[in-house]
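**Student:** Here it is, the structure in full.
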Amino acid sequence: MRSVSAGVLAVVFAGVLSLESIAQQRGQGGIPVAGLTPAQQLDFNDGSRAFARDYRVEDGLGPVFNDESCGDCHRNGGGSNRTVRRFGRIDERGDFDALAELGGSLIQARGIGSITTVDGTHDFNGEDVPVESTVTTRRRSHSILGMGFVDAVPDAGWQALANEEAVANPETAGRVNIVLDLSTGRAAVGKFGWKAQVPTLMQFSADALLNELGITNPLFPDESCPQGDCFALGFNPAPALNDNGTDVDAIATFMTMLAAPPRGAITEEAAAGEQVFLQIGCATCHRATLRTGPSAIRALNRAEFHPYSDFLLHDMGSLGDGISQGQATGREMRTQPLWGLRTLNRFLHDAQSRTLEDAIRRHDGQARAARDQFADLDPDRLALQLAFLRSL
């Protein structure tokens with residue numbers, strides 16, 4: 001965090017607020033949590049600019065990548081219907097193989113084109129799903145709004161939540177995905193990504209810079225080999241570390257300070273619909289209220305928030321995407337938070353559901369019982385539940 005002298009804060013802060021307003025009007029900003037200090041507000045705006053930055057080849061973009069900017073997929077920190085593709089295969093023992101030697105499991109769909117060096121010319125093209133793959137899926141860019149609250153819940157809190165579910169409802173209980181925190185070198189609870197495969201917003205930032213934009217950084221210093229061809233990296237026009245950690249930190253700070261999606265109007269129908277939501281078992285996984293631990297950001301400090309998710313892994317049966325990451329199996333998915341649901345027109349990880357009803361009917365595995373009760377709702381109770389969901 002930067003240090004700003006008290007004598008200039010009042011003047012600078014007014015300018016920062018106007019910059020934030022301009023950024024939002026351009027579709028590049030985001031709404032911060034309430035109560036930021038002037039210095040934190042400055043950091044938020046620095047992060048907003050880094051988040052919206054368009055990287056160029058000379059900055060280290062690529063040599064294979066998916067987009068030039070974080071904001072291409074996450075407008076104002078929200079999600080979009082943009083998808084990326086993942087692939088792999090199930091081996092003879094029934095285990096998932098990410099086919100890393102062929103560039104898996106994430107497809108980088110674009111390349112920086114033809115590059116000529118003293119050693120010759122190489123064409124960097126986007127990757128394709130190899131014929132060896134037996135599993136492929138698309139994953140939608142989900143919202144990162146309010147994720148600072150999630151990051152502020154200590155690991156012990158997620159462990160306690162998983163234990164609580166195991167006692168109260170063992171048949172639908174979720175579990176944590178234990179992954180490696182690259183900043184500490186220690187095991188940690190994963191919370192971010194469709195498989196809860198990333199433990200912190202700092203690592204989420206660094207991971208996305210490398211894997212979506214091709215920007216190497218201290219946590220991910222090695223380029224992805226295009227389609228597994230590491231020899232091609234000899235033609236990489238920007239082989240040095242692309243980001244010294246400045247952008248990783250700025251983007252992580254921006255995401256940390258993003259406000260949660262605002263709730264829509266809570267009508268009588270929406271309030272009654274939430275009771276239906278509870279009665280048929282949806283809230284077993286889509287938990288309405290969680291609580292953060294200590295935080296230097298006032299709005300995140302020991303605060304209640306309402307994501308309608310437990311952020312744990314659940315066996316989703318046929319709704320699983322077939323991809324294993326960390327301890328998450330191909331059948332398991334992290335419970336997606338429902339806040340901000342009213343702004344979406346595509347649903348689930350693959351963006352293939354165009355209605356809430358279809359998204360719910362595709363639930364399977366541990367969610368099957370709630371799905372079946374939803375399917376049995378009479379028209380009046382169905383309308384109430386949908387009114388509730390459309391208020392989130």
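**Student:** Sort through A152, A238, A206 and tell me the only one that's touching a residue at least 40 places away in the same chain (Cβ under 8 Å), under 30 Å from G120 (Cα atoms) and either surrounded by 15 or more Cβ atoms within 10 Å (Cβ to Cβ) or not basic (K, R) (or both).
**Tutor:** Testing whether each residue is touching a residue at least 40 places away in the same chain (Cβ under 8 Å), under 30 Å from G120 (Cα atoms) and either surrounded by 15 or more Cβ atoms within 10 Å (Cβ to Cβ) or not basic (K, R) (or both) leaves just A238.
**Student:** Another one. With respect to T335, determine if the residue is of a type in the set (V, I, T) and within 30 Å of A100 (Cβ to Cβ).
**Tutor:** In short, yes.
**Student:** Looking for whichever is under 24 Å from G330 (Cα atoms), in contact (Cβ under 8 Å) with a residue 12 or more places away in the chain, surrounded by fewer than 22 Cβ atoms within 10 Å (Cβ to Cβ) and among the polar types (S, T, N, Q) here; the options are N244, N217, N211. Which one fits?
**Tutor:** Just one listed residue meets the conditions, N211.
**Student:** Restricted to region 318-358, and to residues that are β-branched (V, I, T) and within 17 Å of the chain's Cα centre (by Cα), which residue is modelled with the lowest pLDDT?
**Tutor:** T343
**Student:** May I ask you to list the residues in region 174-195 that are closer than 11 Å to E332 by Cβ and aromatic (F, W, Y)?
**Tutor:** W194
**Student:** Restricting to region 247-274, what's the tally of residues that are closer than 17 Å to V150 by Cα and crowded, with 16+ Cβ neighbours inside 10 Å?
**Tutor:** Residues that pass the stated criteria total 11.
**Student:** Any chance you could count how many residues in region 335-384 are assigned to a loop (DSSP other than H, G, I, E, B) and either out of contact with any Lys or Arg (no Cβ under 8 Å at 6 or more places or on another chain) or surrounded by 14 or more Cβ atoms within 10 Å (Cβ to Cβ) (or both)?
**Tutor:** Selection size over region 335-384: 20.
**Student:** Being β-branched (V, I, T) and under 23 Å from the mean Cα position of the chain (by Cα) narrows it down to one of V118, V150, V167, V131, so name that one.
**Tutor:** Being β-branched (V, I, T) and under 23 Å from the mean Cα position of the chain (by Cα) holds for just one of V118, V150, V167, V131, which is V150.
**Student:** Pick out the one residue from R49, R56, R82 that is surrounded by fewer than 20 Cβ atoms within 10 Å (Cβ to Cβ) and modelled with pLDDT under 95.
**Tutor:** Unique residue meeting the criteria: R82.
**Student:** Something else: If I ask for residues that are out of contact with any Leu (no Cβ under 7 Å at 6 or more places or on another chain) and either within 16 Å of Y308 (Cα to Cα) or of a type in the set (S, T, Y) (or both), which ones from region 349-389 would you list?
**Tutor:** Within region 349-389, S353, T355, I360, A367, A370, A387, F388 qualify.
**Student:** Continuing with the same structure: Looking at (1) within 20 Å of G322 (Cβ to Cβ); (2) of a type in the set (S, T, N, Q); (3) part of a loop (DSSP other than H, G, I, E, B), can you tell me which one T184 breaks?
**Tutor:** In the conditions (1) within 20 Å of G322 (Cβ to Cβ); (2) of a type in the set (S, T, N, Q); (3) part of a loop (DSSP other than H, G, I, E, B), T184 misses (1) alone.
**Student:** Now for a separate question. In region 105-118, what count of residues is obtained for those that are assigned to a loop (DSSP other than H, G, I, E, B), closer than 25 Å to Q325 by Cα and in contact (Cβ under 8 Å) with a residue 60 or more places away in the chain?
**Tutor:** Total meeting the criteria: 2.
The values are calculated or read from the model by the stated rules, or taken from the named source; none is laboratory data. Predicted, not measured: the structure shown is a model, and the values here were computed from it. Heads up, the Cβs are rebuilt from the backbone with ideal geometry, glycines too, and the neighbour counts pull from every protein chain shown.
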